[in-house]
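Here's the structure we're looking at; comments come further down.
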Amino acid sequence: MTTGPDVSARPKDYRLLVPREWFRIDLVQDRWRKQLKTFVDLQAADKSAPAEIKQEAWAGLRNTAESAVANGALEFFLRPELRDGSLLPVSLVVSLMPRPGAPTPRDLLASFEERERRSGRGAEVSIVVLPAGEAVRIRTRTTLDLYVHMPGTVGYLVLGFVVPLTGVTGPMERLCTSIAGSLRWIM
């Protein structure tokens with residue numbers, strides 16, 4: 001007999017399978033800026049990108065990482081792409097939203113639906129069931145956010161994908177969904 005995750009116990013950690021070619025940056029450590037600079041330098045060197053493209057990529061990714069760190073991010077994964085001379089990586093930010101007694105996924109869904117209705121952004125908001133538990137899924141043309149309800153009602157683990165060039169459709173949507181489906185709690 002198989003059972004789902006124990007929803008009363010708090011997880012000690014999580015495991016997430018991300019493709020090997022994605023570059024991982026540990027946002028919990030103070031060395032994340034150096035790791036990010038290494039990523040940009042490697043990608044620019046491999047593609048013979050001009051200095052201004054390299055600087056633009058560095059500034060954009062640094063701003064994204066700083067904002068993510070300020071909002072509880074744990075990890076930043078980057079999959080490089082180079083099109084039309086610009087360095088625009090596909091990214092995944094993994095964040096922790098600790099909220100003891102967190103709202104249920106249904107309550108969170110209602111809150112996000114109301115926010116989307118007011119914004120007029122046109123995002124699709126739904127609930128999906130992952131092996132790790134229920135998640136609120138918010139999809140726009142280029143983003144896919146999954147708010148995965150953590151066991152023990154300690155909050156949500158957020159998987160935020162950004163796919164700037166091709167958008168979150170077709171193969172990229174399947175890849176993002178597969179990564180999210182690999183999430184497991186370590187109890």
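The values are calculated or read from the model by the stated rules, or taken from the named source; none is laboratory data. This is a predicted model, so every value here is computed, not measured. Using ideal geometry, Cβ is built from the backbone for each residue, glycine included, and neighbour counts are taken over all protein chains shown. Each accessible area value is taken on the protein alone, full model and side chains, heavy atoms only, with ligands, DNA and RNA left out. Shrake-Rupley method; radii C 1.70, N 1.55, O 1.52, S 1.80 Å.
Only one of the numbered conditions (1) surrounded by fewer than 19 Cβ atoms within 10 Å (Cβ to Cβ); (2) on the phi < 0 side of the Ramachandran plot is not met by residue 153, and that is (2).
Among the residues of region 29-46 satisfying the criterion of being at pLDDT 80 or above and in contact with a strand residue (DSSP E or B) (Cβ under 6 Å, 6 or more places away or on another chain), which is nearest to residue 104 (Cα to Cα)? Restricting to residues being at pLDDT 80 or above and in contact with a strand residue (DSSP E or B) (Cβ under 6 Å, 6 or more places away or on another chain), the top hit is 32. Of the residues making up region 141-163, those that are part of a strand (DSSP E or B) and hydroxyl-bearing (Ser, Thr, Tyr) are 143, 147, 156. Name the residues in region 126-139 that are open to solvent by 30 Å² or more (accessible area, probe 1.4 Å) and not small (Gly, Ala, Ser), would you? Result: 127, 128, 129, 131, 134, 137, 139.
Using the structure shown, decide if residue 116 is acidic (Asp, Glu), out of contact with any Phe, Trp or Tyr (no Cβ under 6 Å at 6 or more places or on another chain), on the phi < 0 side of the Ramachandran plot and assigned to a strand (DSSP E or B). Quick ask: steps written out before the conclusion?
Details: acidic (Asp, Glu): yes; out of contact with any Phe, Trp or Tyr (no Cβ under 6 Å at 6 or more places or on another chain): yes; on the phi < 0 side of the Ramachandran plot: yes; assigned to a strand (DSSP E or B): no.
When the stated conditions are applied, residue 116 does not pass them.
Answer yes or no as to whether residue 43 is over 24 Å from residue 97 (Cβ atoms) and in contact (Cβ under 8 Å) with a residue 40 or more places away in the chain. Please lay out each step first, then the result.
Numbers: over 24 Å from residue 97 (Cβ atoms): yes; in contact (Cβ under 8 Å) with a residue 40 or more places away in the chain: yes.
So residue 43 passes the test.
To keep it simple, each residue is scored yes or no on (1) acidic (Asp, Glu); (2) open to solvent by 80 Å² or more (accessible area, probe 1.4 Å); (3) under 19 Å from residue 161 (Cβ atoms).
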| site | (1), (2), (3) |
| --- | --- |
| 22 | no, no, yes |
| 25 | no, no, yes |
| 37 | no, yes, no |
| 43 | no, no, yes |
| 53 | no, no, no |
| 59 | no, no, no |
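Counting the residues of region 156-176 that are of a type in the set (Ser, Thr, Tyr) and buried (at least 17 other Cβ atoms within 10 Å of the Cβ) gives 1. Here residue 49 meets each of (1) under 24 Å from residue 172 (Cα atoms); (2) buried (at least 17 other Cβ atoms within 10 Å of the Cβ); (3) at pLDDT below 85 with one exception, condition (1). Checked against (1) modelled with pLDDT of 95 or more; (2) over 24 Å from residue 70 (Cβ atoms), residue 104 meets all criteria but (1).
The criterion of being assigned to a loop (DSSP other than H, G, I, E, B) and over 13 Å from the mean Cα position of the chain (by Cα) holds for residue 167. Here 117, 121, 184 are screened, and the one residue that is more than 13 Å from the chain's Cα centre (by Cα) and at pLDDT 95 or above is 184.
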